[in-house]
Structures are given as C-alpha cells and as structure tokens.
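Here is the structure we will look at, set down as structure tokens.
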Amino acid sequence: MNFIDKFFEKKARNVAQLSNRRGFIKGIAASLVGASTIPLLPVARAADAPVLPQEAGDPSSCDYWRYCAIDGFLCDCCGGSYNTCPPGTEMSPITWIGTCRNPIDGRNYVISYNDCCGKTQCGTCLCQRDEGDRPLYRSDKSNDVNWCLGATSSVYHCSTAIVVGIAFDESSSK
Ligand code: ABN
C-alpha cells in the first residue's frame, strides 16, 4: 500500500468510528437525559404566586372580612391601605397572625396583622374584633401587642391585614 492509500484508509476509519451505530445511540441517549432534566431546573411556579383572594367589602370598615382578628387603627383610614403602611411609617417585621373566612369563596385565609410604626397613633377607625385572641400573658396568642417593638421605631401608628396564605381545613389537618 502506498502512502496515499494508507492516508485515505485512516481517514475512512476515523469517519466510520465517529459515525458508528453505538455513537449514534449514545448521542440520542445523551439528548434524552439532557431533555429530562429541563423540568427540574428552578422556575417560577404558579404555587409561588401571591395569594389573591376574590374581594368583597369595604377595607375602611371594621366589618371587612380580613379584620376578623385585628386590634388597632385601620391603616386604610390613615393614608395607607389594608395591606400597605401610610407614607412615612415602617411596617413591623413581627406580627400577630389570624385566620379569617372570605365570604366570597368560603375559604379560610391566614392573615398577618403587621403594625405600621414611626408616627403617633392614627386615632381613626379603631377596630377590635379579636377572633382567636388570648390574654396578654400568652403573648404568642394575644393581639394586644405593639408589634412596632420589632421595628426601627417602637411608636405605633396603625395596623394592616395582609393575606399570607390559605389555611388548611380543620378536617384535613386531623
Ligand atoms: N397591634 C396593635 C397594637 C398596638 C399597640 C398596642 C396594642 C395593640
């Protein structure tokens, strides 16, 4: 065999090796494994979306469904809203948690009653519904607590009512 024959034989073997059946199957398998890992990658899922219950009622009225366990001045009457603090105040990072039934969909929602802090008390729309409230000596179960003690300023202004989740049904938690 002369030099040219040897050269082309080697090239042909290389090409055959690269395009053999085993290599082809290996390639398919690799792409299948790769594709199967795509759903495992971190993506924003619907369950992570904020809970937005259907709304009914007047957030400046103490009867509003989210206020079932509140004790304080409604921020909605004080320049804020049922879930935002008035300008110039800061939301307390620690809170009292209640569970209220939404009359529209009949579901129970977990509500966080964050106080707004840094201005003297608002003084309008005092609302004390106290559902589930326990005496002050059970501070973990009492809503009669100034949660601004955990904020930069401990001066209490008003309270918000923020939906943080859907509560388990009593029957499903047993
Ligand atoms: N969480 C409302 C509040 C603030 C100060 C004192 C009592 C209750």
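The values are calculated or read from the model by the stated rules, or taken from the named source; none is laboratory data. Computed from a predicted structure; not experimentally measured. Methodologically, a virtual Cβ is constructed for each residue, glycine included, from the backbone with ideal geometry; neighbour enumeration extends over all protein chains shown. The area values use the complete protein model at the heavy-atom level, side chains included, leaving out ligands, DNA and RNA. Shrake-Rupley method; radii C 1.70, N 1.55, O 1.52, S 1.80 Å.
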Please specify each residue of segment 91-138 satisfying the condition of being away from the ligand (no atom under 14 Å from the Cβ), at pLDDT 90 or above, assigned to a loop (DSSP other than H, G, I, E, B) and open to solvent by 70 Å² or more (accessible area, probe 1.4 Å).
P103, I104, R107
Being at positive phi and either of a type outside the set (A, V, I, L, M, F, W, C) or not in a strand (DSSP E or B) (or both): is that true of G80 here?
no
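Filter segment 122-148 down to the residues that are closer than 14 Å to S92 by Cβ and touching a residue at least 40 places away in the same chain (Cβ under 8 Å) and list them by number.
Pass one, segment 122-148, residues closer than 14 Å to S92 by Cβ: 143, 145-148.
If the condition is that a residue be closer than 14 Å to S92 by Cβ and touching a residue at least 40 places away in the same chain (Cβ under 8 Å), then N143, V145, W147, C148 are the ones that fit.
I'm trying to understand the selection: among the residues of segment 63-77, which are open to solvent by less than 30 Å² (accessible area, probe 1.4 Å) and outside any loop (DSSP other than H, G, I, E, B)? Give the steps one after another, and end with the answer.
From segment 63-77, those open to solvent by less than 30 Å² (accessible area, probe 1.4 Å) are 64-70, 72-75; that's our starting set.
The answer is W65, R66, Y67, G72, F73, L74, C75.
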